[in-house]
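Okay, so here's the structure we're looking at.
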Amino acid sequence: MSYTIDEIAAALGFRAEGDGTIRVDSVAEPASAAPGQLALAMKPDFAAALPQGAARAAMLWDGADWQGYGLSAAILAPRPRFAMAGLSAMMDAGQGYAPGIHPSAVIDPSAEIGADVAIGPLCVIGPGARIAAGSVLGPQVQIGWQAEIGPGGLLHAGVRIGARVRIGARFVAQPGACVGADGFSFVTPEPSGAERARASLGQEGTATAQAWARIHSLGAVSIGDDVELGANSCIDRGTVRDTRVGDGCKFDNLVQVGHNVIMGRDCLCCAQTGIAGSTVIGDHVVLGGQSGVSDNLTVGAGAVIGAASTVLSNVPAGRMMLGYPAVRMDTHVESYKGLRRLPRLFRDVADLKKAVSKLAGND
Amino acid sequence: MSYTIDEIAAALGFRAEGDGTIRVDSVAEPASAAPGQLALAMKPDFAAALPQGAARAAMLWDGADWQGYGLSAAILAPRPRFAMAGLSAMMDAGQGYAPGIHPSAVIDPSAEIGADVAIGPLCVIGPGARIAAGSVLGPQVQIGWQAEIGPGGLLHAGVRIGARVRIGARFVAQPGACVGADGFSFVTPEPSGAERARASLGQEGTATAQAWARIHSLGAVSIGDDVELGANSCIDRGTVRDTRVGDGCKFDNLVQVGHNVIMGRDCLCCAQTGIAGSTVIGDHVVLGGQSGVSDNLTVGAGAVIGAASTVLSNVPAGRMMLGYPAVRMDTHVESYKGLRRLPRLFRDVADLKKAVSKLAGND
Amino acid sequence: MSYTIDEIAAALGFRAEGDGTIRVDSVAEPASAAPGQLALAMKPDFAAALPQGAARAAMLWDGADWQGYGLSAAILAPRPRFAMAGLSAMMDAGQGYAPGIHPSAVIDPSAEIGADVAIGPLCVIGPGARIAAGSVLGPQVQIGWQAEIGPGGLLHAGVRIGARVRIGARFVAQPGACVGADGFSFVTPEPSGAERARASLGQEGTATAQAWARIHSLGAVSIGDDVELGANSCIDRGTVRDTRVGDGCKFDNLVQVGHNVIMGRDCLCCAQTGIAGSTVIGDHVVLGGQSGVSDNLTVGAGAVIGAASTVLSNVPAGRMMLGYPAVRMDTHVESYKGLRRLPRLFRDVADLKKAVSKLAGND
């Protein structure tokens, strides 16, 4: 897999300058690039290291002085970060999964396998499952009873899709991702300590001794098109209806999406994020790493939840939230500054007490 | 799988009213219910949507005016949320795992497999493992050397049970759950920076350059009856004795239970909860999502730890805890209110300083 | 597997006292030890329980009065916690994986398998993969295309190693651990709401409706010698170059290491820790459970990040950090104390206002 600079520029719709016949077979950071590699320098800070490497060509920002960096050719991109999407797709060597269906895969005769589907070694495809054309399953993937995978999916090693889950086109799932585990829903014969504590805002919490009865998850999971799910991440099935994930949502590793959650489109959930049961997330919401949203809440479209923040109440559309519990970003920053200035405040008040005592003639 | 309203009411021990011969094959939310579905409306808020759907029958709360919602029949439950446990168990279509032992499973000849055990495709059952009667293993499950699974277990795809782990009756494990990984226990030849920092409360922390030596986990994990473990959750083995989990504990997805932990019965650990090594958790403790308990602590029976809270000291029985570090819920709320009112306090003190200065004739 | 007290003492380089011919086959806690077990009591608190058990021999600290505890023999260790490393290695019965290559494993003919490598049932070894001498793979492990595992590795059930990942000697990976999933890197055609919010510190955040384009991960992961990775933990591949982990790093369960991260040597990452993309971690850094480090930061050598703390800015070498956002431990403690004393401060200021008002003749 190698390309000339002209070929890359043409494929990406950018402008090439210099010797467009230079051929590259991979990309590299400026300082470590070999002559047959395309160096990537999205901004001047990075480009400064070009002379340390041996690249003859680089992808740079629009207007970059590529000759000044000693290059023979350059691809100039108006937004180099976005250009990386197309370029990296061209250059991705992938996981090397073989085409076709490996003989060790266990495929139920009632499963429907589309054209050009690749199924890796030791996969298990359940009864009535449907895998649409062009999907690729790595080794040891499991697709449950009557589950559906849309066209062009890429399911890496050990992905598990539960019964009756429906997934749209171009789904990408990293190793160990799990769609369709049972929701976490248990109930006690009488209201539990946790239920009463929530109802009474903590005034009464002590649990009486009761065992938990399981509420089975009768719904499944419905996932739109162009969704990605990270390694060992989980999206649970719904209790009565499906848990729903809109088109274009991207989930990083170790993310938890609880039962009955409804997510809009194009949301971004960074690693170790958790969304608790029955919460509704609008379109284009961004959840920072390790952040969480409690159950039965609403997060409006375009909201951004800061890293490691915990949402305990509804969030309006477009709001930036931070902290524990998460509040408007500016409120959090103000509280935080106040907290840092507290020691001085304590001293000021102590001084004032002395001064007032003196003025009052008490000493 | 379909039932009449009378059959469902009888099975659950509730009262049916209206036409008990109506037959339903599944459940639905009020607004989307078809005529052949049983609508579920646990409270008036939900029932208000019944006219939008086509349900002829619903499960409602005791005393509900079902005829007023245009229904032909109703099942009336004194605590509808609890009724969902029995109803959902009746209606659960499950994962469709086939009975019997799939020929692709790799089962050591010394393993003991009980009556009516189902073992799915590509499972691996190690030497001396014992799987008791009626257990069901989905695809690609792995049971280690001399591990024991009690009767009536349900282990979904890709669950992994390590050597010598012992699990009681009716265990349910979601995909990718792991019992019996090694504990995380490392030691340096001399006390490490982290050890000294803890001992000195942070006065000295800098680590000298030492490599970590592994302490092997010689214990296993002992799990009681009726325990559930979520997708990709982990319970580690103990160092010298077993890590222990009491009857009836329920763990959501991506939960971590460290080595040597002892848990009482009927605890509830929501998603992404972590319990660090050697901590002892009493009966009926509830840990909210993303909460954590540090190592070598005690959490008393019936305590409730709020979502995303971090327990860094012992918790008495029945206590509600919140925040970082977790404190009594009312203490946390008071601190939090104070934090929000800080900006005004700073202004008040500034005003006081001016006033006192003026009174003192300093200006 | 049994040893005399003399044999154990000699192997560990410690001093045995009393009857060194006593034979033990396992270890136990003092109170539950049988006569054929070696009791472990690292400090007097634990040793006090020796009379409740039936141990004839124990491992104790240097100078312990073993005869006073009624023992017939003792191994005296200057730092008993460190002695556990060697002792537990001797006593570990392991997972019982069989030697040799199981016939059900699917191994590409182009893979290179070293001497004395064990490959368990239903493993998948991809084309061009190299597994060095003495490594042991449990059941259902997957090694990707051209990935390399160094000598003496131990990969437990269901571990997944992606294409082109390179791992050094004596790697230990717990079940479900995943090295080499794709990095979480997405970009919008125009700067996204989250990008603008970061750039403007939250002044403008609302996302316009844009879909996310995937940036493929062209790098792999390079891992040094003596690294351990916990159950269901993830280390993602780099975007252009490899993500890098230094010698001796130890990761607990459910840990996330993002794309492009560079870690020094001998770091310790406790359970559910997250390190976001492109962050650089120095040598001997310790991350407490559930802590996190944001992206593109630097954490200096020997720093210690407290449990559940969130690092949002660079950390100097040797610094102890705590809280959200993480600050110096002493700063955090001071702020925290101030927060607890806030209610009294509000009362003091209210009293002062009254007093000043009175002095000013306003009442």
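Once segment C:4-52 is narrowed to residues that are crowded, with 18+ Cβ neighbours inside 10 Å, closer than 15 Å to C:Ser88 by Cα and of a type outside the set (A, V, I, L, M), the residue that is modelled with the highest pLDDT is C:Gln37. Within segment C:152-171, residues that are at negative phi and more than 7 Å from every other protein chain (Cβ to nearest Cβ) reach partners that are surrounded by fewer than 24 Cβ atoms within 10 Å (Cβ to Cβ) and among the charged types (D, E, K, R) with beta carbons closer than 6 Å, at six or more positions or on different chains, in the pairs C:Arg166/C:Glu148; C:Gly168/C:Asp225; C:Ala169/C:Asp225. The residue of segment B:104-130 that is farthest from the other protein chains (Cβ to nearest Cβ), among those that are among the acidic types (Asp, Glu) and in a loop (DSSP other than H, G, I, E, B), is B:Asp116. Residue count for segment C:154-177 under the criterion of being in a loop (DSSP other than H, G, I, E, B) and under 22 Å from B:Ile161 (Cβ atoms): the result is 8. Count, please, the residues in segment A:244-271 that happen to be touching an Asp or Glu at 6+ places or on another chain (Cβ under 6 Å), in contact (Cβ under 8 Å) with a residue 40 or more places away in the chain, within 22 Å of A:Leu154 (Cα to Cα) and not aliphatic (A, V, I, L, M). So the answer is 2.
Is there a residue in segment A:90-102 that is over 16 Å from A:Ala157 (Cα atoms), buried (at least 18 other Cβ atoms within 10 Å of the Cβ) and either at the interface with chain C (Cβ under 9 Å from one of its Cβ atoms) or small (Gly, Ala, Ser) (or both)? Taking every residue of segment A:90-102 in turn, at least one turns out to be over 16 Å from A:Ala157 (Cα atoms), buried (at least 18 other Cβ atoms within 10 Å of the Cβ) and either at the interface with chain C (Cβ under 9 Å from one of its Cβ atoms) or small (Gly, Ala, Ser) (or both).
Select from segment A:131-148 the residues that are more than 10 Å from every other protein chain (Cβ to nearest Cβ) and closer than 18 Å to A:Ala231 by Cα and write down the one among them that is surrounded by the fewest Cβ atoms within 10 Å (Cβ to Cβ). Filtering first and then ranking leaves A:Val136.
Listed conditions (1) without any contact (Cβ under 8 Å) to a residue 60 or more places away in the chain; (2) in contact with a Gly (Cβ under 6 Å, 6 or more places away or on another chain); (3) away from chain C (no Cβ under 14 Å); (4) surrounded by 21 or more Cβ atoms within 10 Å (Cβ to Cβ) are all met by A:Leu71, apart from (2). Does C:Asp266 satisfy the criteria of being on the phi > 0 side of the Ramachandran plot and within 11 Å of chain B (Cβ to nearest Cβ)? The answer is yes for C:Asp266.
Restricting A:Arg319, A:Arg237 to residues that are within 13 Å of chain B (Cβ to nearest Cβ) and over 18 Å from the mean Cα position of the chain (by Cα) narrows the list to A:Arg237.
Only one entry in B:Ala55, B:Ala74, B:Ala33, B:Ala41 is closer than 22 Å to A:Thr188 by Cα and in contact with a strand residue (DSSP E or B) (Cβ under 6 Å, 6 or more places away or on another chain), namely B:Ala41. Taken together, the criteria place A:Asp351 among residues that are acidic (Asp, Glu) and either facing chain C (nearest Cβ under 9 Å) or within 18 Å of C:Asp348 (Cβ to Cβ) (or both). Taking the listed residues C:Arg214, C:Arg164, C:Arg160, the one that is touching a Ser or Thr at 6+ places or on another chain (Cβ under 9 Å) and modelled with pLDDT of 95 or more is C:Arg214, with no other qualifying. For A:Asp92, are the conditions met, namely being out of contact with any strand residue (DSSP E or B) (no Cβ under 9 Å at 6 or more places or on another chain) and charged (D, E, K, R)? Here the answer is yes, as A:Asp92 does meet what is asked. Filtering segment B:275-299 to residues that are buried (at least 21 other Cβ atoms within 10 Å of the Cβ), out of contact with any helix residue (DSSP H, G or I) (no Cβ under 6 Å at 6 or more places or on another chain) and either within 11 Å of chain A (Cβ to nearest Cβ) or within 16 Å of A:Trp212 (Cβ to Cβ) (or both) leaves B:Ile281, B:Gly282, B:His284, B:Val285, B:Leu287, B:Gly288, B:Gly289, B:Gln290, B:Ser291. Elements of the type strands (runs of 3 or more DSSP E) sitting completely within segment C:1-91 and holding at least 3 residues that are within 30 Å of the chain's Cα centre (by Cα): these cover C:26-28, C:37-40, C:57-61, C:73-77. Can you work out which of the residues in segment A:307-316 that are within 14 Å of chain B (Cβ to nearest Cβ) and free of Cβ contacts under 8 Å to residues at least 24 places away in the same chain is surrounded by the most Cβ atoms within 10 Å (Cβ to Cβ)? Selected residue: A:Ala308.
The values are calculated or read from the model by the stated rules, or taken from the named source; none is laboratory data. Because the structure is a prediction, the values reported are computed rather than measured. We place every Cβ from the backbone using ideal geometry, glycine too, and count neighbours over all the protein chains shown.
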